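A.B. asks: First the structure, which I've put down as structure tokens, then a few questions once you've had a look.
The values are calculated or read from the model by the stated rules, or taken from the named source; none is laboratory data. Note that this is a predicted model, so its numbers are computed, not measured. Cβ atoms come from the backbone with ideal geometry, glycine included; neighbour counts cover every protein chain shown.
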Amino acid sequence: MRWMLAMVLGWVMVGGVGRADDRPPARQPVLEETFEQYAVGAFPGRWEVRGDEAEARTIYRVAEEEAGNRFLRASAERQDIQIGLTKKFGPEQYPVLRWRWRVTRLPAGGDERAKPTNDSAAAVYVVFDSRIMPRAIKYVWSTTLPVGSTFTSPHYWRGKVVVLQSGPPASPAWRQETVNFYEDYKQLFGLILTDSDVTQSSAQADYDDLAVLPAAALHTLERNETTVASALGDEEEGHQNKY
């Protein structure tokens, strides 16, 4: 089986395992995108378009924050165009996908369970490519559905949807996501898409720091997150003691 990773901005091809000497060092990403190499306002040149290329260039543009960080901004007005990267690797060795995102505009009434309302503010696809009827997992930032919801796509019976974030964000800060798509595939089955064409509304989302990592990196990330959470807990306790 060939594997394809799809980000809501598009998709990332995942193919067969290469030779051992071609593989990146342990804990290093096999694929990484930070958007720093592109000019502000430009379409990210590494990314391929599925659909109308001219239209894709009106949706996806590199933007820059005041601090200088560059990221991809996706702004759709009744549009649905995917863009993506192509990369071959073994999902058993590199099962972790990490990225960060934020939304500033959600499609009104978006509910991914039904065809008439199947729009997402932001989504990242993982497509497990085969010659016949590929399977897919769509990780979404939903307008209305609860976090943790999983269900079959109303448009494609071999597609599964997983809700990671829901509703308007409490702050404009970036949200970090880390998923083990290989484990999710095994549980659910035993392209990067910002869209607003179905509900005829608009959606806007930002994406940054995409990386496909080996399984060993997941343990490092978990330890780092635990350390940060512990530090925050100590800080909150200190404030409580102070007051």
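A.B. asks: Please specify each residue of the stretch 104-114 satisfying the condition of being crowded, with 24+ Cβ neighbours inside 10 Å and touching a Pro at 6+ places or on another chain (Cβ under 7 Å).
C.D. replies: Correct list: L106 only.
A.B. asks: Report yes if R57 is in a strand (DSSP E or B), among the basic types (K, R) and either within 27 Å of A42 (Cα to Cα) or modelled with pLDDT of 95 or more (or both), otherwise no. Full working, then the answer.
C.D. replies: Details: in a strand (DSSP E or B): no; among the basic types (K, R): yes; either within 27 Å of A42 (Cα to Cα) or modelled with pLDDT of 95 or more (or both): yes.
The answer is no for R57.
A.B. asks: Inspect all residues belonging to the stretch 35-50 and state whether any of them is part of a loop (DSSP other than H, G, I, E, B), at pLDDT below 75 and out of contact with any Gly (no Cβ under 7 Å at 6 or more places or on another chain). Spell out the reasoning first.
C.D. replies: Initially, the stretch 35-50 is screened for residues part of a loop (DSSP other than H, G, I, E, B), giving 35-47.
Checking the rest, the ones that are also at pLDDT below 75 come to none.
No, the stretch 35-50 contains no residue that is part of a loop (DSSP other than H, G, I, E, B), at pLDDT below 75 and out of contact with any Gly (no Cβ under 7 Å at 6 or more places or on another chain).
Listed here are the residues, each with its yes/no results for (1) farther than 30 Å from R27 by Cβ; (2) not acidic (D, E).
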site: G45; (1), (2): no, yes
site: E48; (1), (2): no, no
site: A56; (1), (2): yes, yes
site: E65; (1), (2): no, no
site: E92; (1), (2): no, no
site: P95; (1), (2): no, yes
site: W101; (1), (2): no, yes
site: R105; (1), (2): yes, yes
site: G110; (1), (2): yes, yes
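A.B. asks: Within the stretch 163-181, is even one residue modelled with pLDDT under 95 and within 24 Å of A56 (Cα to Cα)?
C.D. replies: no
A.B. asks: Here's another thing I want to ask about it. Could you say which residue among T150, T117 is surrounded by fewer than 18 Cβ atoms within 10 Å (Cβ to Cβ), among the hydroxyl-bearing types (S, T, Y) and under 19 Å from A205 (Cβ atoms)? Working first, answer last.
C.D. replies: Numbers: T150 fails: under 19 Å from A205 (Cβ atoms).
Only one candidate passes the filter, namely T117.
A.B. asks: Examine the stretch 133-143 for a residue that is at pLDDT below 90, at negative phi and assigned to a loop (DSSP other than H, G, I, E, B), and state whether such a residue exists.
C.D. replies: Yes, there is a match, as at least one residue in the stretch 133-143 is at pLDDT below 90, at negative phi and assigned to a loop (DSSP other than H, G, I, E, B).
A.B. asks: Still on this model: Identify all residues within the stretch 199-216 that are within 13 Å of A123 (Cβ to Cβ) and either modelled with pLDDT of 90 or more or out of contact with any Pro (no Cβ under 6 Å at 6 or more places or on another chain) (or both); write none if there are none.
C.D. replies: As a first pass, look at the stretch 199-216 and keep what is within 13 Å of A123 (Cβ to Cβ): 203, 205, 207.
Within the stretch 199-216, A205, Y207 meet the criteria.
A.B. asks: Here is a further query. For the stretch 62-101, name all the residues that are within 26 Å of A170 (Cβ to Cβ) and buried (at least 23 other Cβ atoms within 10 Å of the Cβ). Full working, then the answer.
C.D. replies: In the first step, residues of the stretch 62-101 are kept if they are within 26 Å of A170 (Cβ to Cβ); the result is 63-77, 97-101.
Across the stretch 62-101, the qualifying residues are L72, A74, A76, L97, W99, W101.
A.B. asks: In addition: Quick one: in the stretch 29-61, of everything that is of a type in the set (V, I, T) and more than 21 Å from L213 (Cα to Cα), which residue is surrounded by the most Cβ atoms within 10 Å (Cβ to Cβ)?
C.D. replies: Taking the candidates together, the pick is I59.
A.B. asks: Within the stretch 144-186, can you find the residues that are closer than 24 Å to F89 by Cα and assigned to a loop (DSSP other than H, G, I, E, B)? Steps first, please.
C.D. replies: At the first step, the residues of the stretch 144-186 found to be closer than 24 Å to F89 by Cα are 158-162, 176-186.
Residue satisfying the conditions is R158 alone.
A.B. asks: Something else now. Taking the stated definitions as given, is D80 of a type in the set (D, E, K, R) and at pLDDT below 85? Steps first, answer last, please.
C.D. replies: Numbers: of a type in the set (D, E, K, R): yes; at pLDDT below 85: yes.
Considered against the rule, which asks whether it is of a type in the set (D, E, K, R) and at pLDDT below 85, D80 comes out as yes.
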